[in-house]
Every structure is written in structure tokens, then in C-alpha cells.
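Only the coordinates and a few stated rules stand behind these numbers; no lab work does. Every value quoted in this text rests on a predicted model; they were computed, and no experiment measured them. Methodologically, a virtual Cβ is constructed for each residue, glycine included, from the backbone with ideal geometry; neighbour enumeration extends over all protein chains shown.
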Number of protein chains: 2
Amino acid sequence: MDEEDLQAIVDDVSFLIEHHEEAKLRNLLVDMHPADIAWVLAELPEEKRKYLFSLLDAERASDVLVELDDYTREKLLDELDPSRISEIVDEMDSDDATDVVSELPEEVAEEVLERIDKEDSEEVRELLRHEEDTAGGLMALEYVAVNENATVGEAIQEIRRKAEEVGEAFHVYVVDDDGHLVGVLPLKRLILSDEKTRVKDIMDHDVVKVDVETDQEEVARVFQRYNLVALPVVDWKGRLVGQITVDDVIDILEEEATEDIHRLAGVPEEEEPRETSVFRISRGRLPWLAFAFMGELGSALVLSHFQASISQILAVSFFIPIIMALGGASGNQIATVVVRGLATGEISRGEIGRKVWRELKVALVNGFFCGAAIFVVVNVWLKDPHLGAVIAIAMVAVIFASGLIGTLVPILLHRLGYDPAYATAPFIATSNDVLGLTIYLLLVTKLLKIG
Amino acid sequence: MDEEDLQAIVDDVSFLIEHHEEAKLRNLLVDMHPADIAWVLAELPEEKRKYLFSLLDAERASDVLVELDDYTREKLLDELDPSRISEIVDEMDSDDATDVVSELPEEVAEEVLERIDKEDSEEVRELLRHEEDTAGGLMALEYVAVNENATVGEAIQEIRRKAEEVGEAFHVYVVDDDGHLVGVLPLKRLILSDEKTRVKDIMDHDVVKVDVETDQEEVARVFQRYNLVALPVVDWKGRLVGQITVDDVIDILEEEATEDIHRLAGVPEEEEPRETSVFRISRGRLPWLAFAFMGELGSALVLSHFQASISQILAVSFFIPIIMALGGASGNQIATVVVRGLATGEISRGEIGRKVWRELKVALVNGFFCGAAIFVVVNVWLKDPHLGAVIAIAMVAVIFASGLIGTLVPILLHRLGYDPAYATAPFIATSNDVLGLTIYLLLVTKLLKIG
């Protein structure tokens with residue numbers, strides 16, 4: 001179903017809710033994919049959303065809740081009483097249950113954990129111990145594992161035993177007597193092998209795996225590098241403790257990209273697209289503006305310092321915006337390429353020197369073109385080749401300086417262990433402005449011998 | 001293996017190549033994952049890369065080539081003769097083979113297609129007919145499909161028959177006598193069912209699928225929405241024609257995020273992080289700078305128009321950078337949130353009105369804070385409450401106007417079918433500058449009655 005179809009369903013559902021057509025609504029819901037129901041719920045206003053969700057039985061409700069965006073899910077959970085939440089959580093895989101429980105207020109979470117199946121609640125408590133953005137925080141405890149001495153037939157028995165608990169399964173993990181992960185067996189090979197074959201004779205020995213404490217960004221990188229659909233997680237002793245599936249990784253990649261994009265523009269990375277409180281959004285974005293504000297006070301000081309020169313040749317001031325804007329635009333291009341290259345790993349440590357050098361050359365070349373263009377403009381407009389030459393030189397210098405800041409600041413942040421995406425806005429933008437203005441006015445006053 | 005280990009291997013490999021230790025190199029390569037070999041190749045300088053790649057047999061070379069980034073792969077392919085390329089392509093799945101062939105110069109591609117297995121070359125020719133960024137361009141022809149009347153035992157026979165050709169398999173697709181996709185059967189269920197059971201009695205009837213012409217961004221969206229590991233592709237008659245696997249989708253998501261980030265900063269989306277030609281990079285980025293240049297000439301004109309006012313109260317010019325920068329920063333925050341929200345689908349059509357309204361309120365609130373701050377600054381610094389009030393009003397107006405541009409331009413582009421990411425740099429940045437400057441100088445001259 002594409003977005004247009006879903007939008008049409010939102011309208012239908014709204015109509016049916018307004019006319020209390022409960023039977024028709026239930027009919028409609030039965031045929032829909034949980035992900036589509038989640039989409040519709042997110043689009044509905046609060047009261048209707050609550051009502052529609054109440055029509056789902058616990059199993060459906062759990063499937064839908066897993067698919068909901070964080071913001072809408074939190075709003076929905078706020079409205080549910082602990083007994084209903086418990087019913088729903090009881091139907092979930094351990095990783096999803098943990099996500100939900102971790103979002104609840106402490107006393108509600110405790111009540112839910114008391115009410116659900118004892119084994120499940122122990123699993124959730126176990127998973128809650130891991131940091132949310134690590135492999136341990138992402139993994140589920142539902143997977144199929146067999147001892148290396150088991151036969152193919154026994155492995156199939158094990159799949160049967162866990163069929164209910166484990167939703168989709170693509171591999172059987174193989175462990176030794178102490179629970180160490182020693183191999184992996186694709187279901188395809190299991191199907192094609194004789195029942196009596198020993199698992200250890202047909203398994204793959206080279207298993208790509210991660211430690212529970214691995215950061216989620218690195219987990220995503222591993223999935224991507226090795227083209228995986230599932231990744232086993234081991235503890236510090238190498239014992240199998242969980243499994244991460246690719247659907248979680250896709251969400252992480254999207255989250256990380258949004259974080260980077262937000263940071264690049266000076267928007268708090270955790271800002272929710274569905275947030276409705278203007279106050280909360282303003283408060284999140286204001287610090288970045290405050291930083292720009294403080295920085296640009298520097299520009300005001302620079303201008304007041306050079307006011308004598310400016311008043312002598314007012315034309316100098318005409319070109320302040322173009323010089324600042326081009327320094328800013330070029331510096332922003334460079335910083336963005338460096339930040340993204342570092343984030344995707346396409347700029348690796350061994351290459352940083354070469355990349356800096358490449359970007360500085362690009363800044364010089366483009367600075368040269370912009371300088372030539374401004375020289376022509378000043379000549380045609382003000383008929384002053386001397387002023388034109390001076391402004392052109394300033395243009396090249398400012399674009400080069402912006403390039404320097406645009407490469408070095410992200411790399412420095414990266415080296416210090418910070419996300420380089422923090423570098424661009426407002427830090428690079430503002431320092432480019434102040435530095436560009438200073439370079440421009442210094443050069444112009446020196447070269448024109450004014451002020 | 002993490003990046004540090006790989007970096008160490010790059011150093012080892014370099015050393016071994018320099019000392020012509022071919023046997024040791026071969027030993028090292030045997031134990032490495034193809035993805036890791038690809039990583040090392042991308043890091044090596046051209047000559048060493050060529051040499052190391054020549055040590056791989058055709059099968060390994062094909063696995064490695066699939067994992068390489070586009071840029072390095074193209075460089076490598078340039079150096080290989082058609083017979084070696086043919087050997088390598090012969091080992092690939094149809095989708096990967098098609099990717100490689102489509103990158104080759106026409107006559108080389110033709111020669112390769114002549115040399116490889118006839119069936120394979122027909123598949124590649126078939127796949128080449130689809131647009132690269134559609135479902136047809138992404139899909140592979142290697143999948144397992146059985147007739148709905150087949151039994152579980154027959155399905156397993158079919159998997160066995162295709163075991164060699166199809167690498168990983170997670171589902172068996174089910175088709176009717178005319179090849180229409182009518183169901184899907186997870187391998188897990190196949191394992192747990194009796195050999196004599198009919199496939200149609202245990203298959204899932206609701207199959208998520210896409211049409212061959214579906215855009216790749218929509219394909220990624222479908223994978224994400226329904227948490228898939230593989231997605232069947234059908235033609236306009238609903239007949240099964242191919243399969244897309246999740247590893248391709250992860251690459252698309254990363255590509256699309258990079259594209260968005262590049263567009264947001266005015267960098268050509270196709271710019272290769274590993275590109276080394278300064279000239280090619282400059283040429284790609286220059287048009288965006290040229291646009292900013294032309295736009296900012298408008299700023300110069302505005303300033304020259306108001307030069308009489310500025311020369312009367314020079315302090316007015318001190319605040320030009322801060323007004324422009326804050327308008328720009330706030331407008332950029334808003335535009336970025338809108339662009340990203342549209343890209344991830346978190347801002348859906350039904351909500352656009354609400355989102356515009358929300359962003360404008362945020363702009364007003366933040367404009368108010370910045371206005372208050374600049375009022376205080378002007379008072380403290382220049383002891384001129386009248387000037388301070390006027391500049392504060394201008395600040396609010398400029399931030400609000402930037403917010404208006406920052407929301408409306410991306411939405412307008414989206415409506416017209418363009419990527420809204422094109423909106424921000426340099427278009428929004430430049431128009432914010434010119435508009436902000438004009439609003440500021442107009443308000444200041446009117447309210448202070450100068451000029």
C-alpha cells in the first residue's frame with residue numbers, strides 16, 4: 001500500500017469513527033498489515049487514535065505497537081492502563097518488550113513486569129541492563145541454537161520447539177558445551193542435509209558476531225559491510241547471548257542519518273518530527289541560535305572597528321554579504337563532504353591527510369573563479385579596477401580560509417571522539433562569518449590604504 | 001574486524017607487496033572475508049590494488065568486486081581485460097553482474113556478454129533494460145519459486161536444484177500456472193511441515209510485493225515499513241519476475257541519505273568521496289557557488305540602494321551580519337527539519353498544514369528571543385533604546401520571513417515533484433540573505449526616518 005492509499009484509509013477510518021461504525025472498523029482492521037495500521041494511527045488525532053487502538057486484540061495491538069514511531073507510541077502508552085499494557089507486552093519478542101517497558105514511568109514499568117509471564121519479565125529485566133544504543137540494547141533473546149554435536153534432525157526438532165516463540169528464523173546458531181558460539185547454519189543448508197548429519201560437519205565456522213557492548217552505529221556498519229540479515233551477539237567470554245535482526249538496523253541507519261542531518265543544521269538530534277509543543281521545539285533549537293548570536297556579535301565588533309574605513313569607501317560595504325556568503329557556502333560544502341565521509345567510513349583514517357589536501361585545492365580553484373567573477377563585477381559596476389583587484393584577492397583568501405576551517409574542524413572533532421556533524425552549524429558558519437569579515441576588511445583597508 | 005584491525009592489515013599488505021611475498025599474501029587473502037578484502041583494496045594505492053586483486057581467483061574476485069565501493073570498482077575494472085572480467089562476471093548473481101556490465105564501456109560490455117555463459121548473458125541483457133534506480137534495476141533473477149499445487153517435498157527438491165545458483169534463500173515464492181505471484185512460504189515453515197502437504201495450504205497469501213517500475217526510494221520505504229529481508233518483484237500482469245534482498249536496500253538508504261545531505265549543502269549528490277580529481281570536484285560544486293554569487297549581487301545592490309541611510313547612521317551596518325546570520329540559521333533549521341521529515345515520510349501529506357503552522361510559531365518564538373537579546377545589546381553598547389527597538393523589530397521580522405521561506409520552498413518543491421533537499425543551499429540561504437537585508441534596511445530607514 002502506498003501513501004495515497006493509506007491517506008484514503010485515514011479518511012475512511014475517521015469517518016467510521018465519527019459514525020460509531022465499530023463492526024466495520026473491526027472488519028477493516030482485520031485485513032490490514034500491522035505496519036499500515038501503525039501508519040494510520042500516527043495520522044489520527046489523539047482521541048480517535050486511542051479509540052481505534054482499543055479495538056485491537058492484544059496480539060494485533062502488540063504487532064502494531066512495535067511498528068509505531070516512538071513519539072506516537074509514547075502518547076498511546078500514556079493513555080493505557082497497566083493491565084492492558086501487560087497483555088500487549090506479553091505478546092512481544094523480548095527486544096520489543098524491553099523497548100516498551102523502558103519507555104514507561106518507573107512504577108508503571110514495575111507493575112507491568114509483575115503482571116507478565118515470569119520468564120518474559122526476567123528476560124526483559126536482563127535486557128534492560130544493557131545500554132539502549134549498544135548491541136545488548138538491540139538484541140532479542142528469541143533465536144534458535146543447538147549444540148555442535150546435535151544432528152540435523154535434532155536441530156529441526158529445536159526449531160519446532162521454538163516455532164511459537166521465534167517469529168522469523170533464517171539461521172540456527174551452533175554452540176559448544178559451554179555456550180560459546182562456534183558456528184552458524186543457514187536454514188537452506190539444513191533443509192538440504194540428511195537428518196543424521198552432525199551440525200558441526202556442515203556449519204560455517206567463520207561467524208560474524210559482535211560483543212554486547214558494541215555501539216549501535218558499529219552494529220549497523222557490520223550488517224552493511226557483511227550483508228547480513230541477522231547478527232549473533234556474544235558476551236565477553238564469547239558465549240551466545242542474543243541476536244540482532246536487520247529490520248532494527250534499517251531503523252538505526254535512518255535514525256543516524258537524521259541525527260547527522262539535524263546536527264549539520266543545528267537542530268537538536270532528538271527533535272521528534274511529530275512533536276507538537278512549539279515551546280519544546282523552540283527551546284531545543286534556541287541554544288544553536290544563541291551560539292550564532294554570540295558569535296555574530298563579533299561581526300558587529302569587527303564592523304565597528306573598521307567603521308572609519310567603511311565610511312571612507314562605502315562601496316567596500318556593498319560586498320560584505322557576497323564575500324561572507326561565498327565563504328560560508330564553500331566552507332559548508334567542504335565541511336559537509338568531510339562530515340559525511342567520516343560518518344559513512346568512506347574517509348578512513350589513512351586518507352585524512354589526502355582528503356584535507358584535496359579539499360583545500362578545491363577551495364583554491366573555486367576561490368579563484370569567484371575572485372575573477374567579482375573582479376569583473378566591480379569593474380563593470382563601479383569602474384574601479386584597483387578596488388576590484390583588492391576585493392577579488394579578499395574573496396580568494398576568505399574562501400580558502402573557510403575551506404581550512406571546513407576541513408580541520410570536523411577532523412579535529414572526530415579525532416577527539418566527538419561527532420564531526422556538530423562542527424558545521426552554527427560553529428563553522430559563525431566562525432566563517434567572523435573570520436571572513438575580518439580578513440576582508442583587513443585586506444581591503446591595508447591594500448587600499450584607508451582607515 | 002573493526003577499522004583499526006583493517007588499517008593494520010592494509011599496512012601489512014603494503015609491506016608484503018613491496019617485498020614481493022606472493023605466497024604470504026595469498027595465505028592472508030584466503031582467510032579474509034570478501035568485504036574485508038574490498039576494504040583493504042579501497043585503501044591501497046592504484047598499483048598495489050591492481051596487483052593484490054590479480055592474486056584472487058575468479059570466484060573470490062567476484063565476491064570482492066560486489067563489496068567494493070563504486071569508485072574503486074570502476075578504477076579496477078578500467079585496468080582489467082575483457083577475458084578476466086568475463087571470468088569474474090560469470091561467477092556473479094544476475095543483479096551484481098548487471099551492475100558491473102552497466103559500468104563498462106559499451107564495446108567492453110559487449111565483449112564480456114559474448115564471453116560469459118549464454119543463459120547468464122541473456123539474464124543480464126534482460127535486467128539491463130530496467131532503469132537503474134527502480135525495482136527492476138535492483139532485482140536479481142536468482143530465487144526459488146514453485147507452483148501452488150506443488151508439495152513441500154517438491155519445494156525442497158526445487159531448493160536443491162537451485163542450491164548452487166541461489167546463494168542465500170529465506171523464502172520460497174508460490175506462483176499459479178500463469179506465473180502470477182500468489183503466495184510466499186518462509187523456509188522455517190517448510191522445515192516444520194510434512195513432505196506431502198500442499199504448498200498452497202500453508203503459504204501466506206498476503207504477499208508484500210512491488211512492481212518492476214517502483215522507484216528505489218519507495219522500495220527502501222517498503223522494506224522498512226514491513227520489516228522485510230527480501231521482496232518479490234512482479235510485472236504489470238502480477239507475474240513474478242525477480243527478487244530484491246535487504247542488503248541492497250541498506251546501501252540505497254545510505255546513498256539516499258548522502259544524497260540528501262549533499263543537496264542540503266549544495267554539493268552534487270553524485271560526488272564520490274573517493275574522487276581524486278580536483279578539477280572534477282570543483283566543476284561539480286561551482287554551479288552552486290555561482291548561484292549564491294548571482295543572488296548575493298542582489299545584496300550588493302540593496303546595500304548600494306540604501307547607502308545614504310547607512311552613511312547617516314553607520315551603526316546600522318554593524319548589525320547587518322547578525323541579522324542575516326540569525327535569519328539564515330533559523331531558516332536553515334526549519335528547512336532542514338521539513339526536508340528530512342518529507343524524506344523519511346514522517347511529515348505526510350495530511351499534516352503539511354499543521355507542520356507549516358508549527359514551524360512558523362517556532363520562528364516567531366525564537367525571533368522574539370533574538371529580538372529581545374539584540375535590544376539589550378544595542379542598549380548596552382550604543383545606549384540608544386530607539387535604535388535598539390528598531391533593530392529588534394527588524395530581527396523578529398527577518399527571522400519570521402526566513403521561517404516562511406524555510407517551510408514553503410521545500411513543500412512547494414515536494415508538491416511539484418522535485419526533491420525538497422534542493423531547496424536549502426544555496427537557494428534558501430541566498431534568498432534569506434537578500435530578503436533579510438532588504439527587510440532590515442527598509443524597516444530601519446522607515447522607522448528611524450533616515451535616508
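Compactness ratio of the stretch A:21-62: Cα Rg over 2.2 N^0.38 Å, N = residue count?
So the stretch A:21-62 has a normalised radius of gyration of 1.04.
Local charge sum around A:Pro82 (other residues, Cβ-Cβ under 11 Å, Lys/Arg +1, Asp/Glu -1)?
The answer is -4.
Within a 10 angstrom radius of the beta carbon, how do A:Trp288, A:Trp381 rank from fewest other beta carbons to most? Don't jump to the answer; show the numbers that get you there.
Values: A:Trp288 24, A:Trp381 15.
Ranked by crowding around the Cβ, least crowded first: A:Trp381, A:Trp288.
Using the number of other C-beta atoms within 10 angstrom as an exposure proxy, rank A:Arg340, A:Arg115, A:Arg354 with the fewest first. Don't jump to the answer; show the numbers that get you there.
Values: A:Arg340 27, A:Arg115 15, A:Arg354 12.
Placing the least packed residue first, the sequence is A:Arg354, A:Arg115, A:Arg340.
Hey, quick one: spin label on B:Asp384, modelled 7 Å out along Cα-Cβ, who in the stretch B:296-324 has an amide N within reach, i.e. under 17 Å?
Only B:306-323 pass the distance filter.
Subtracting the Cα-Cα distance from 0.36 nm times the residue separation, let me have the gained length for A:Glu79 to A:Asp177 in nm, one decimal.
The span from A:Glu79 to A:Asp177 would gain 30.6 nm if fully extended.
Can you tell me what the convex hull of the Cα atoms of the stretch B:264-322 projects to on average, as an area in nm²?
So the mean shadow area of the Cα hull is 5.7 nm².
Would you mind checking the tilt of helix B:118-128 against the longest principal axis of the Cα atoms of chain B, expressed as 0 to 90 degrees and rounded to 10?
Roughly 20 degrees between the two axes.
Set the Förster distance to 22 Å, then compute FRET efficiency between B:Glu195 and B:Lys162 from the Cβ-Cβ distance, nearest 0.05.
After rounding, the FRET efficiency stands at 0.75.
Express the C-alpha Rg of chain A as a ratio against the empirical globular expectation 2.2 N^0.38 Å, rounded to two decimals.
Cα-based Rg divided by the globular estimate yields 1.32.
For B:Thr151, enumerate residues with amide H under 5 Å from its amide H, sequence gap 5+ or separate chain, H modeled in the peptide plane.
Under 5 Å from the amide H of B:Thr151 lie the amide H atoms of B:Val199, each far enough along the sequence or on another chain.
Identify the residues of the stretch A:433-451 with backbone N under 20 Å of a label point that sits 7 angstrom from the Cα of B:Ser311 along the Cα-to-Cβ direction, or state none.
Answer for the stretch A:433-451: A:445, A:448-451.
Taking the stretch A:278-448 as the region of interest, what is the percent of Cα-Cα pairs per 10 angstrom bin, listed from the shortest bin to the one with the maximum distance?
Over the stretch A:278-448, the share of Cα pairs per 10 Å bin runs 10, 34, 31, 18, 6, 0 percent.
Place a label point 7 angstrom from the Cα of B:Arg280 along the Cα-to-Cβ direction, then list the residues of the stretch A:362-377 whose backbone nitrogen is under 16 Å away.
From the stretch A:362-377, the list is A:362.
Can you give the direction-averaged projected area of the convex hull of the alpha-carbon atoms in the protein assembly as shown, in nm²? Walk me through the numbers on the way to the answer.
Working: hull surface 165.3 nm².
Across all orientations, the protein assembly as shown yields a mean hull projection of 41.3 nm².
How much of the DSSP bridge set in the protein assembly as shown is antiparallel, in percent, rounded to the nearest 5?
The antiparallel fraction comes to roughly 75 percent.
Share of Cα-Cα pairs in the stretch B:145-254 beyond 22 Å, in percent?
Working: 1934 of 5995 pairs.
In whole percent, the long-distance tail amounts to 32.
Checking the table A:Lys118/A:Lys162; A:Lys446/B:Lys383; B:Lys118/B:Lys162 against a 21 Å threshold on Cα-Cα, which pairs fail?
A:Lys446/B:Lys383, as the Cα separations exceed 21 Å there.
Taking R0 as 51 Å, what's the FRET efficiency between A:Arg239 and B:Glu154 from their Cβ-Cβ distance, rounded to 0.05?
The value I calculate is 0.80.
Round to the nearest 10 and give me the degree value, 0 to 90, for the angle of helix A:429-448's Cα axis relative to the longest principal axis of chain A.
10
Taking only Cα atoms of the stretch A:3-133, what ratio of Rg to Rh do you get with Rh as the Kirkwood inverse-distance radius?
Ratio value, two decimals: 1.00.
Which whole number gives the average, over all residues in B:337-348, of C-beta atoms from other chains lying within 10 Å of the residue C-beta?
Values: counts 9, 1, 2, 9, 3, 1, 4, 7, 4, 8, 2, 7.
Average neighbour count from other chains, rounded to a whole number: 5.
Kindly provide the Kirkwood hydrodynamic radius of the stretch B:394-451 in Å, to one decimal, from all pairs of distinct alpha carbon atoms.
Values: mean 1/r = 0.0815 Å⁻¹.
It works out to 12.3 Å.
Quick one: helix B:106-115 against the long Cα principal axis of chain B, what's the angle to the nearest 10°, folded into 0 to 90?
The helix B:106-115 is inclined about 20 degrees to chain B.
With a ≥ b ≥ c the root eigenvalues of the C-alpha gyration tensor of the stretch B:258-371, is it rounded (a/c under 1.5), prolate (a/b larger than b/c) or oblate?
Details: a/c = 2.90, a/b = 1.16, b/c = 2.50.
Because a/c hits 1.5 or more and a/b fails to exceed b/c, the stretch B:258-371 counts as oblate.
Provide the gained length on full extension for the span B:Glu107 to B:Glu122, in nm with one decimal, where the gain is 0.36 nm per separating residue minus the Cα-Cα distance. Mind showing how you got there, number by number?
Details: separation 15, 0.36 × 15 = 5.40 nm, distance 1.69 nm.
Computed gain between B:Glu107 and B:Glu122 is 3.7 nm.
Rounded to the nearest 500 deg cm²/dmol, what is the calculated helix-only ellipticity per residue at 222 nm for chain A, with -39500 (n - 2.57) per DSSP H run of length n ≥ 4?
Dividing the helical sum by the residues of chain A leaves -21500 deg cm²/dmol.
Tell me the net charge near B:Leu364. Cut-off is 13 Å between Cβ atoms, B:Leu364 excluded, with +1 for each Lys or Arg and -1 for each Asp or Glu. Please list the in-between numbers first.
On the way: positive: A:Arg285, B:Arg358, B:Lys361; negative: B:Glu359.
Overall, the nearby charge balance is +2.
Counting other beta carbons within 10 Å of each residue's own, what order do B:Glu271, A:Glu256 fall into, fewest first? Provide the component values of the computation, followed by the final result.
Working: B:Glu271 17, A:Glu256 20.
Final ranking by Cβ density, sparse to dense: B:Glu271, A:Glu256.
If you count, for every residue in A:169-179, the Cβ atoms of partner chains within 10 Å of its Cβ, what is the mean?
1
With a ≥ b ≥ c the root eigenvalues of the C-alpha gyration tensor of the stretch B:81-196, is it rounded (a/c under 1.5), prolate (a/b larger than b/c) or oblate?
prolate
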